[in-house]
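Visitor: Once you've had a glance at the structure underneath, I'll fire off some questions.
The values are calculated or read from the model by the stated rules, or taken from the named source; none is laboratory data. The shown structure was predicted, so the numbers you read here are calculated from the model rather than taken from an experiment. Cβ atoms come from the backbone with ideal geometry, glycine included; neighbour counts cover every protein chain shown.
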Amino acid sequence: MSADELEWIEDGGLLSVPGWRAAATRSGVKPSGGYDLALFVADAPCRAAAVWTRNALAAAPVVLGRERLRRSRTVRSVAINAGNANALTGPRGFEDAQRMVERTELRCGGPALVLSTGIIGVPLPIDKVLDGIDTASERLSAACPEAYDAILTTDTCPKTTAVEVELPAAGAAPAHRATVGGVAKGSGMIHPNMATMLAVVATDAPVESTALDALLRDAVDASFHEITVDGDTSTNDAVLLLAREPRGQETPIGPGDPRLPALQAAITAVMERLARTIIEDGEGRTRTMELVVEGADGTTQAREIARSVATSSLVKTALAGGDPNWGRILAAAANAGVEIDGSELALDIQGVRVFGAHGPNEYDARALAQAFAAPVVAVHLVVGRGAGRARMWTTDLSSDYVRINSEYST
């Protein structure tokens, strides 16, 4: 099933999933005074799966979240604060994250998880956050677009989407429609080493825990692992996938279930759209590159080559300038530490073959320059005859990116 076969919900998001409510408030953590705390609460505890950052200095909410999901694979409430990452904050940071969990469970029901995003290395103003949880918990609603805004930092827009999918009959379960919806935030510190930002995705389909974990990891692999803005993986990255518990005699979707492929397609499509929205809102972005690498000796090698190209400062600055300096692309590919078969090497930019058959090809340089100045530039690189293939979305490295990140803490 392709994304085109799914029924996309106009202006959809996490709250498109039946049984979910949200609230937002201005707790005072963000210097701008905008919305900076969101609650997302299900009517009942859900089965939960998560993928967390691999950063060795994971933030307190990540450490606590890992511990809690190891003990219990259920979640009902998620609290997210923006403006302060509660990262590199020592024992106090862990205590503050625990207090956030306790207050969220008290006000919204548990089990609860908390996520944080914002500046690193500054103690969380916990009293403001706890007051914010108290205030927001009194405003829970099935329609709260402010909650999508409250989790943003350098983002310029909220990132939400939702679909409906027809699940086939399975045993005693008749065919029925399910909803998958999600919300994400991310603009900088975006790089595939887990998921590269915060995202919460939910479905009203009942899913068994083992299957839910596999659904999440496959979807992340095909979405958030294929984007990079700046090569930096944050201390706070997390993706949650939540599915409602079965009701009565209802059979949850498990491994081998005929409903699984359709649900996988829907979850992957939602995460792909969220990931693409993050790239389109990348800090300082003026152009995007869609890079496909084929012919490697396995997927892992193809990804290494793709990431080497997608994170190259020289490639990204060429993209910013609309300069089709394709030699930078090949040089970056060759720096991946992966063997490349030069006799099979071929490079296409916007459908124009610029290198192949052991050397550069003839092409219209003016037309190529115009094509490379497009908002989205397609690059196709063949590195051999292997079956390995990878895709990567990346942004250009503009002067605005430098400005945003040189002033972030001030």
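Visitor: Determine whether Ala269 is surrounded by 19 or more Cβ atoms within 10 Å (Cβ to Cβ) and more than 21 Å from Ser223 (Cα to Cα).
Guide: On the way: surrounded by 19 or more Cβ atoms within 10 Å (Cβ to Cβ): yes; more than 21 Å from Ser223 (Cα to Cα): no.
Answer is no for this residue.
Visitor: Taking the options Ala333, Ala306, Ala310, name whichever one is closer than 13 Å to Gly384 by Cα, in contact with a Leu (Cβ under 7 Å, 6 or more places away or on another chain) and in the same structural domain as His380 (by TED's automatic domain parsing).
Guide: Ala333
Visitor: OK, next. Any idea which of (1) buried (at least 24 other Cβ atoms within 10 Å of the Cβ); (2) of a type in the set (Ser, Thr, Tyr); (3) over 21 Å from the mean Cα position of the chain (by Cα) is the one Ser234 doesn't satisfy?
Guide: Ser234 satisfies every listed condition except (3).
Visitor: Identify the residue in the stretch 295-307 that is surrounded by 21 or more Cβ atoms within 10 Å (Cβ to Cβ) and under 23 Å from the mean Cα position of the chain (by Cα) and, among all such residues, is nearest to Ala367 (Cα to Cα). Steps first, answer last, please.
Guide: First pass over the stretch 295-307, keeping only residues surrounded by 21 or more Cβ atoms within 10 Å (Cβ to Cβ): 295-296, 301-303, 305-307.
Narrowing the set further to residues that are under 23 Å from the mean Cα position of the chain (by Cα) leaves 301-303, 305-307.
Numbers: Gln301: 32, Ala302: 29, Arg303: 30, Ile305: 27, Ala306: 25, Arg307: 27 Å.
Filtering the stretch 295-307 for residues that are surrounded by 21 or more Cβ atoms within 10 Å (Cβ to Cβ) and under 23 Å from the mean Cα position of the chain (by Cα), the one nearest to Ala367 (Cα to Cα) comes out as Ala306.
Visitor: Separate question: Ala275 - would you say it is at pLDDT 95 or above and under 30 Å from Glu7 (Cβ atoms)?
Guide: Values: at pLDDT 95 or above: no; under 30 Å from Glu7 (Cβ atoms): yes.
Considered against the rule, which asks whether it is at pLDDT 95 or above and under 30 Å from Glu7 (Cβ atoms), Ala275 comes out as no.
Yes/no per residue for (1) among the basic types (Lys, Arg); (2) part of a helix (DSSP H, G or I); (3) at positive phi:
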| position | (1), (2), (3) |
| --- | --- |
| Asp131 | no, yes, no |
| Ala136 | no, yes, no |
| Arg139 | yes, no, no |
| Ala143 | no, no, no |
| Tyr148 | no, yes, no |
| Ile151 | no, no, no |
| Asp155 | no, no, no |
| Thr160 | no, no, no |
| Val165 | no, no, no |
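Yes/no per residue for (1) over 12 Å from Leu397 (Cβ atoms); (2) crowded, with 21+ Cβ neighbours inside 10 Å; (3) among the β-branched types (Val, Ile, Thr):
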site: Val293; (1), (2), (3): yes, yes, yes
site: Ser312; (1), (2), (3): no, yes, no
site: Trp326; (1), (2), (3): yes, yes, no
site: Leu330; (1), (2), (3): yes, no, no
site: Gly337; (1), (2), (3): yes, no, no
site: Glu344; (1), (2), (3): yes, no, no
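Visitor: Something else about it: Which residue out of Ala38, Ala56, Ala48 is without any contact (Cβ under 8 Å) to a residue 60 or more places away in the chain and either at positive phi or small (Gly, Ala, Ser) (or both)?
Guide: Step by step, each of Ala38, Ala56, Ala48 is checked, and only Ala56 is without any contact (Cβ under 8 Å) to a residue 60 or more places away in the chain and either at positive phi or small (Gly, Ala, Ser) (or both).
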